[in-house]
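S.K.: To start, I am sharing the structure in question, which I have written as structure tokens.
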There are 2 protein chains.
Amino acid sequence: MSGFDVGARLKQLRLKRGLSQRELAKRAGVTNSTISLVEQNSVSPSVSSLKKILDALPVSISEFFAGEEIAQEHIFYRASDLTEIGDGKLSWRLVGARRPNRSMSIIHEHYPPGADTGEDMLEHEGEEGGVIVSGTIELSVNGDSQLLTAGDAYYFDSRLPHRFRNVSDGDCVIVSANNPPSFADGGNHQHHG
Amino acid sequence: MSGFDVGARLKQLRLKRGLSQRELAKRAGVTNSTISLVEQNSVSPSVSSLKKILDALPVSISEFFAGEEIAQEHIFYRASDLTEIGDGKLSWRLVGARRPNRSMSIIHEHYPPGADTGEDMLEHEGEEGGVIVSGTIELSVNGDSQLLTAGDAYYFDSRLPHRFRNVSDGDCVIVSANNPPSFADGGNHQHHG
DNA sequence: ACTCCTTGTTGAACATCCTTGACAGTATGA
DNA sequence: TCATACTGTCAAGGATGTTCAACAAGGAGT
């Protein structure tokens with residue numbers, strides 16, 4: 001029913017890391033039995049268990065399921081089709097979500113007043129750039145902070161520590177692009193409110 | 001330590017589709033109670049259950065978890081600093097001009113009524129994507145033509161013949177990205193018309 | 001052969017998820 | 001007001017996931 005071989009995928013990733021079931025289980029905070037059963041598809045793990053396991057690899061859930069995507073090429077995206085992520089404070093709309101075989105990710109971002117990517121500066125591989133469509137945003141990159149308003153833009157190496165914060169009392173809208181699209185790498189930098 | 005609000009995310013997507021818990025449950029082959037409990041995070045669904053539910057939306061698992069790991073953007077261009085190119089009809093504003101060592105080009109595009117990239121379809125290496133900020137544009141890619149309006153987006157392989165045309169009587173503004181930067185190497189983009 | 005450590009697997013007990021079926025709240029209409 | 005239909009929630013129990021503890025197989029070194 002799954003259409004996706006969870007067990008094989010997990011085993012593949014585990015072996016790639018050179019871990020035994022017990023070692024992975026220990027790091028993940030589950031038992032070796034769980035790993036065994038999951039790898040044999042004797043059981044469909046709960047999301048929470050799977051998350052624990054993947055965190056120990058580490059692999060993000062979306063990364064784990066990359067490839068589960070329908071291969072159909074999407075060109076046009078209706079506004080309502082953009083994959084919305086965020087928590088009410090920040091709002092990002094991904095064009096085509098994260099298709100693993102695409103070279104960029106395009107994002108329509110909405111920052112309400114007070115929205116903030118967080119005190120822990122973002123740092124990751126790649127480059128990113130964007131244009132402020134409306135409103136005002138405070139962008140800090142590598143210690144330098146600037147207020148950008150409609151029509152302004154930015155571009156930088158994503159390895160520089162950076163942060164976005166809407167310090168105004170109006171919404172801010174940005175269209176940005178990331179290359180490469182994979183946000184995931186060693187570090188575990190996720191942020192939510 | 002989930003770090004990701006499965007319940008809120010599911011509810012968000014369900015409401016976006018205008019479905020009730022029962023309706024979604026019916027399509028997914030689970031019960032309304034399951035949806036309810038998952039949305040309240042009273043339970044961490046099994047992967048198989050979650051998959052059934054997401055298939056009914058439909059949303060891929062990796063799409064669902066997009067944002068579970070996030071990183072963002074960056075570096076400072078005043079609106080007046082964007083290098084403007086164009087021929088009076090079309091107007092493109094490049095972020096960071098033609099830096100040869102950048103992996104993308106970010107472009108703020110303005111299409112007045114009648115603006116048209118030309119009858120000779122554009123074709124070049126790379127990929128491009130963008131978000132329509134305001135107005136309406138007719139985008140043709142590989143024989144398929146669509147009218148996109150504010151909030152809509154697109155993404156395609158640039159080798160597919162494509163054309164942008166503003167067939168409305170108002171301005172259209174787009175923020176787009178190219179990879180590799182097609183303007184960095186004096187690509188065949190400009191002129192025509 | 002043994003001992004010791006490691007590997008992955010499995011049965012029974014336990015914990016969690018999922019369904020059944022009922023409940024309360026809201027809205028519409030007779 | 002009652003009836004109907006819809007919404008989301010919840011308790012109980014059956015179904016499924018997870019753990020505990022034991023097991024067999026393989027290697028390394030007595």
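S.K.: Put a label point 7 Å from Cα along the Cβ direction on A:E119, then list its distances to the equivalent points in the other copies in nm, shortest first.
M.R.: 6.3
S.K.: Using the 7 Å Cα-to-Cβ label point, sort the distances from A:R159 to its equivalents in the other copies shortest first and give them in nm to one decimal.
M.R.: So the distances to the same position in the other copies read 3.0 nm.
S.K.: Within 10 Å, count the other beta carbons around each residue, average over each peptide in A:17-25, A:119-127, and list them highest first.
M.R.: On the way: A:17-25: 15.4, A:119-127: 17.1.
Order by mean packing, descending: A:119-127, A:17-25.
S.K.: Excluding ligands, DNA and RNA, what is the accessible area buried between chains A and B, summed over both sides, using a 1.4 Å probe, to the nearest 100 Å²? Don't skip to the answer; put the middle values down first.
M.R.: Values: alone 11310 and 11470 Å², together 16380 Å².
Result for this pair: about 6400 Å² buried.
S.K.: If you don't mind, there's one more thing I want to ask. How well do other chains shield peptide B:53-61, expressed as the mean number of their Cβ atoms within 10 Å of each residue Cβ? Please report the intermediate quantities before stating the final value.
M.R.: On the way: counts 0, 1, 2, 0, 0, 1, 2, 12, 10.
Partner Cβ neighbours, averaged per residue: 3.
S.K.: Still on this structure, I have one more. In nm, to one decimal, how far is the modelled label at B:H124 from the one at B:K16, with both set 7 Å along Cα→Cβ?
M.R.: 3.2 nm
S.K.: What is the calculated FRET efficiency for B:T31 to A:D5, with r their C-beta to C-beta distance and R₀ = 30 Å, to the nearest 0.05?
M.R.: Numbers: r = 27 Å, r/R0 = 0.89.
Here the calculated transfer efficiency is 0.65.
S.K.: So for each of A:143-151, B:161-169 I average, over its residues, the number of other beta carbons within 10 Å; can you give me the resulting order with the highest mean first? Could you put the intermediate results ahead of the total?
M.R.: Details: A:143-151: 14.6, B:161-169: 17.1.
Sorting A:143-151, B:161-169 by mean packing, highest first, produces B:161-169, A:143-151.
S.K.: So which residues in the stretch B:5-51 end up with at least 30 square angstrom less accessible surface once the other protein chains are there, compared with the chain by itself, probe 1.4 angstrom?
M.R.: SASA drop of 30 Å² or more in the stretch B:5-51: B:R9, B:Q12, B:K16, B:S44, B:V47, B:K51.
S.K.: Something else now. In nanometres, what is the gap between the two model label sites at B:D169 and A:R159, each 7 Å from Cα along Cα-to-Cβ?
M.R.: 5.4 nm
S.K.: Sticking with this one: Sticking to Cα atoms, compute the Rg of the stretch A:6-64 to one decimal and its Dmax as the biggest Cα-Cα distance, whole number, in Å.
M.R.: That works out to 9.7, 24 Å for Rg and Dmax.
S.K.: From the label point of A:Q146, set 7 Å along Cα to the beta carbon, how far off in nm is each other copy's matching point, shortest first?
M.R.: 3.3
The values are calculated or read from the model by the stated rules, or taken from the named source; none is laboratory data. Keep in mind the model is a prediction, meaning the values are calculated, not measured. Counting neighbours? That spans all protein chains shown, and the Cβs are built from the backbone with ideal geometry, glycine included. Heavy atoms of the whole protein, side chains included, go into the accessibility calculation; ligands, DNA and RNA do not. Shrake-Rupley method; radii C 1.70, N 1.55, O 1.52, S 1.80 Å.
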